[in-house]
Amino acid sequence: MSDYDLKNTKFLKDVNYPSDLKKLNLMDLRNLADELREYLIDTISKIGGHLGASLGVCELTLALHYVFNTPEDKIIWDVGHQGYIHKILTGRKEALKTIRQKNGISGFLKRDESEFDVFGAGHASTSISAALGIATARDFQNKKYKVVAVIGDGSMTGGMAYEAMNNIGLLKKDIIVVLNDNKMSIAPNVWSLQNYFNELMTNDTYNKFRSKVWEMTGVLDKRTSDRLRRAAAKIEGGLKGVITPGMLFEALGFRYFGPVNGHNVVNLVKTLEEIHKMSGPILVHVITEKGKGPSYATDHPQKIHALNPFDKTTGIEHKKIKVTPYTKVFGESLTELAKKDEKIIAVNAAMPDGTGLNYMQKEIPERYFDVGIAEQHAVTFCAGLAAEGFTPVAAIYSTFLQRAFDQIIHDVALQKLPVVFVLDRAGLVGADGPTHHGAFDLSYLRLVPGMVIMSPKDEAELRDMLYTATQYKRGPIALRYPRGNAVGVELHDFQKIDIGKGEILKSGEDAAILAVGNMVSHSLAAAELLEKANVKAEVVNARFIKPLDIKLLSDIFSRFRKIITIEDNTVSGGFGSAVTEFAIQNNLKNDILIHGIPDRFIDHGKPEELYEELKLDAKGISEVVIEFLSRVKYHDEKI
Ligand SMILES: Cc1ncc(C[n+]2csc(CCOP(=O)(O)OP(=O)(O)O)c2C)c(N)n1
């Protein structure tokens, strides 16, 4: 495939910063939008990444940077996965070719990366709160810049967005919220307000009426226009016999403008120019199409949310040889269990495919729930189900479950409710980077009283753990596993695992390696490398991070002086900490090395690159063990 040559573009070749945009006339912006799309598709087809959202906001991004004086005016992008065009327009046109790759630019916005990245994200629904903080700081300093939050309809299913709007309405700050409505989250959106929007947009009388009021209020002073809008809102209510979303936002203290066609860059610019002159909380409702551009993208907006490298003419991903991913094993196994057990209910927060619950969705839709990007609600919803004797399975990525920490403690664990937590993407996720690594779950779950935490060494054990979890009725129970392909072992019929029982997989003499989950296979491979260096390491599959297998640990501590714990979780407060606590509480003086993700945020890169960097691959683990063994003399001298 020949390289796309920026030099051959008419406009894009000279656009590096928003200041360059301002030299163009409105009609040029249209052509620039086409060039941007072409460049984006060409680049992402080679390296993979989030595509659909950025294609959808091409004109919106252009218009925002055209009208507002960035970076002095602050644009805050929710999630940040739609920020690729923003990156191209703010000094990172060439760097786009490195996006999400090790040492390349981030796939999300990042304050360290550019002064145009006003606020970093990766998790959804934070932009309006951040905008309020920034606007409040602006006002304290008597500064005059504009603050704009751009949030998708999917992210509007997250409670934080409403908490922020409620607060803004009360404080009456100058803030513009741009609602980028494409009716899609990653999957089709589950926003109940969408029904109101749909009605609105298909109602001709309403639309004509609304645009007339719009035209008039746009040129009036705020008091008159507010009065007119209130009157109009009343008429709207009467007109349709329903509360319209405009009214809803207006009740929250926002002036509502829209719906605006998000692909007509000329109109967008004109609208934003008008809005730029106004003050107070404003919500602009922009309608876009996710994946706007090639038909393979608009026809399959869910598929092109994020892609591996693909053929840019067909959108088909270049296939890789694949072992079954953990996600699929989980999704199919849960569906199998749910067919036999009518009490099982599957719950996810806007990630049906990502979590593997799409299998449940298809086969048992009545016991499948997508609650939106609302992890906190998902957990308490599950608590309610469990309180009434059901077996809810909350399938939420490790990183996103962080959101529901209090709900896990207060609503689930305190009441000993048997909610099953299934955490996909535990450990290092790769290209999505620090906002998405599942680096903390062992730590944040381990401190919860009564929580059982498991991590399978392979997909067969995942099935057994899932079965064990759905049978467990004494309180919350969690299992966590990494992103990507499983080990490739044969599957067997479900078998129950004794709670808190680990297993010795390989016996040794010189050191004991206690590993969890994903790290078990790495540790077994490390033990083989160690053998070549004449080190005989015993390898234990801990299976349980909580409760620990006290009997097994006592045996290990009695036989080995040197013990190494390995986990793909932060070393702070995880499995190694648990083993150390066990040792201290039992007055055991063995040498313990806690090896895991260091206590810092880990950048993006391929998982194998990151595991190598952190010495969590087989080679790295073997080196860590050898280094630890050589340290013992020093320890002996000290004691
Ligand atoms: C707290 C949290 N949960 C889940 C996700 C995963 N996620 C990333 S983007 C996205 C959909 C966002 O939809 P929307 O805001 O409408 O943006 P669009 O992609 O449609 O432009 C989801 C669910 C996330 N980023 N944060």
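Read the figures in this text as sums done on the coordinates, not as results from a lab. Remember, it's a predicted structure, so these values are computed and weren't measured experimentally. All Cβ positions, glycine included, derive from the backbone under ideal geometry; neighbour counts span all protein chains shown.
So the values come out like this:
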| item | result |
| --- | --- |
| Cα-centred dipole magnitude for the chain, charges only on beta-carbon of K, R (+1) and D, E (-1), debye, nearest 20 | 1360 debye |
| The stretch 479-509: GluC sites (Glu not before Pro) in DSSP coil with no more than 11 other Cβ atoms inside 10 Å | Glu490, Glu509 |
| Amide H contacts of Gly293 (H built 1.01 Å from N, under 5 Å, at least 5 apart or other chain) | Thr298 |
| Order by protection proxy (mean Cβ within 10 Å, highest first), peptides 466-475, 522-531 | 522-531, 466-475 |
| Cα gyration tensor shape for the stretch 344-441, rounded if a/c is under 1.5, else prolate or oblate | oblate |
| Estimated vicinal HN-Hα couplings, Hz - the stretch 604-617 in sequence order (Karplus 6.51, -1.76, 1.60; Gly, Pro = x) | 8, x, 5, x, 5, 5, 6, 4, 5, 4, 8, 6, 10, 8 |
| Sparse-neighbour loop sites [GluC sites (Glu not before Pro); the stretch 347-405; at most 16 other C-beta within 10 Å; DSSP] | Glu388 |
| Unit charges at the beta carbon, dipole of the stretch 489-639: most positive-side option, Ala526, His604, Ala515 | Ala515 |
| Long-range HN-HN contacts of Tyr4 with modeled amide H, under 5 Å | none |
| Relative contact order (%) - criterion: Cα under 8 Å, at least six apart; region: the chain | 11 percent |
| Globularity ratio of the chain, using Cα Rg and 2.2 N^0.38 Å | 1.05 |
| From phi via Karplus (6.51, -1.76, 1.60), per-residue ³J(HN,Hα) for the stretch 375-388 in Hz, x at Gly/Pro | 5, 5, 4, 4, 5, 6, 4, 5, 4, x, 4, 5, 4, 9 |
| Filtered trypsin sites (Lys or Arg not before Pro), the stretch 20-124: DSSP coil and at most 12 other beta carbons within 10 Å | Lys22, Lys23, Arg111 |
| Cα-Cα over 28 Å, subset of Lys457/Lys562; Lys97/Lys146; Lys340/Lys362; Lys97/Lys457 | Lys97/Lys146; Lys97/Lys457 |
| In sequence order, calculated HN-Hα J values of the stretch 292-302 (Karplus, 6.51, -1.76, 1.60; Hz; x Gly/Pro) | 2, x, x, 5, 5, 7, 5, 6, 10, x, 6 |
